[in-house]
Each structure stands twice: as C-alpha cells, then as structure tokens.
Amino acid sequence: MIRTFVDSGVLVLAARETDTYSEKALEILEDSNREFACSVFVRLEVLPKAIYNCRANEAQFYREYFDSVQYWSTDFDKLLQDAEQVAGQYGLAALDGLHVAAALSVGAEELITTEKRTKPMHRVSGIKIISILD
C-alpha cells in the first residue's frame, strides 16, 4: 500500500468531474493500492466553501473522502513548527508548507497535487511530489 497525501486541488477536481484532470484525480482516489493521509487544513480548504455555495453533492464527496482517510496529522504544535521550517527551506506558500509538513508527519510516501512542476513544492525532498497536471 502506498500512503498518499492528496492536496485540496486534487479533491476539488475529483469532486467536480469537469475534465481529464478530474478523471486522473478520481483514478488516484479509487486506487485500491493506496491508503490516504490528510490534515484538517485540507478539509478546511474544501468543505466549508462547498457547504456555503450549496453544492451538496460536492460536500458529500468530501465528507466521504475524509471518512475514508486512515492517517490524520494531529500534532498541531509540531506541525506548525515543521511547516514554517519546510516553507522557509523550500520557498513554499503557507498552506503548501502545512500540507507538506502534514504529509511528512504521517509518513506519507507521496503528496499528490495540482501544483505545476515549476512551483516550489516540487523542490521538497523526503517525499515524492506528483502533479496530476503533468
């Protein structure tokens, strides 16, 4: 089993099913050779907005995904320290730093994102960063 951390962009593409990238996102989420890791930061990025905009099916999709997650990053003090360190080391935006730190904290082998290869997230070592946009 591959322990996989999926960022919010991948979940949005999968939930909205709009194009070929959505198909790639759904393939990843439906892959039986993966077990998923997450943090409340991903949940906070996607679920409240779907609820506010009355996208009930999208909100339900997210809830079902979050219910299936096996590994949650929960040590927030350490997570914030690690996120600041990794963001400073690799030039990441705040939420990208939190996602990377969360993925590392739960032993994820890969972080799947919608960030293009030219973005700072792809400089990170210690975890495989995969963009579904490539």
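The values are calculated or read from the model by the stated rules, or taken from the named source; none is laboratory data. All of these numbers come straight from a predicted model, not from anything done at the bench. When we count neighbours, we look across all protein chains shown, and the Cβ atoms used for this are built from the backbone with ideal geometry, even at glycine.
Evaluated against (1) charged (D, E, K, R); (2) farther than 23 Å from Asp134 by Cβ; (3) free of Cβ contacts under 8 Å to residues at least 12 places away in the same chain, Arg43 falls short on exactly one condition, (3). Residues of the range 95-108 include at least one that is touching a residue at least 60 places away in the same chain (Cβ under 8 Å) and on the phi > 0 side of the Ramachandran plot.
Scanning the range 1-28 for residues that are in contact with a helix residue (DSSP H, G or I) (Cβ under 6 Å, 6 or more places away or on another chain) and not hydrophobic (A, V, I, L, M, F, W, C) yields Asp7, Ser8, Tyr21, Ser22. Among the residues of the range 22-40, those that are touching a residue at least 40 places away in the same chain (Cβ under 8 Å) and not hydrophobic (A, V, I, L, M, F, W, C) comprise Lys24, Ser39. Only residues that are among the aromatic types (Phe, Trp, Tyr) and more than 22 Å from Leu79 (Cβ to Cβ) were counted across the range 1-47, and they come to 1. Taking the range 23-70 as the range and being aromatic (Phe, Trp, Tyr) and either under 21 Å from Thr114 (Cβ atoms) or at pLDDT below 95 (or both) as the test, the residues that pass are Phe36, Phe41, Phe61, Tyr62, Tyr65, Phe66. Pairs are defined by a Cβ separation below 8 Å, a sequence spacing of at least 6 or placement on different chains, a first member in the range 119-134 that is closer than 13 Å to Glu109 by Cβ and at pLDDT below 95, and a second member that is aromatic (Phe, Trp, Tyr) and not in a loop (DSSP other than H, G, I, E, B); no pair meets this definition. Of the candidates Asp19, Asp67, Asp77, the single residue that is without any contact (Cβ under 8 Å) to a residue 12 or more places away in the chain, farther than 22 Å from Gly107 by Cα, among the acidic types (Asp, Glu) and surrounded by fewer than 18 Cβ atoms within 10 Å (Cβ to Cβ) is Asp19. Within the range 80-131, being crowded, with 21+ Cβ neighbours inside 10 Å, among the hydrophobic types (A, V, I, L, M, F, W, C), within 13 Å of the chain's Cα centre (by Cα) and assigned to a helix (DSSP H, G or I) holds for Leu98, Val100, Ala101, Ala102, Ala103, Met121.
The sole residue among Asp31, Asp134, Asp77, Asp67 that is out of contact with any helix residue (DSSP H, G or I) (no Cβ under 9 Å at 6 or more places or on another chain), part of a loop (DSSP other than H, G, I, E, B) and over 15 Å from Phe5 (Cβ atoms) is Asp134.
Can you pull out the residues in the range 24-52 that are among the hydroxyl-bearing types (Ser, Thr, Tyr) and either under 20 Å from Asp82 (Cα atoms) or within 10 Å of the chain's Cα centre (by Cα) (or both)? The one that is among the hydroxyl-bearing types (Ser, Thr, Tyr) and either under 20 Å from Asp82 (Cα atoms) or within 10 Å of the chain's Cα centre (by Cα) (or both): Ser39.
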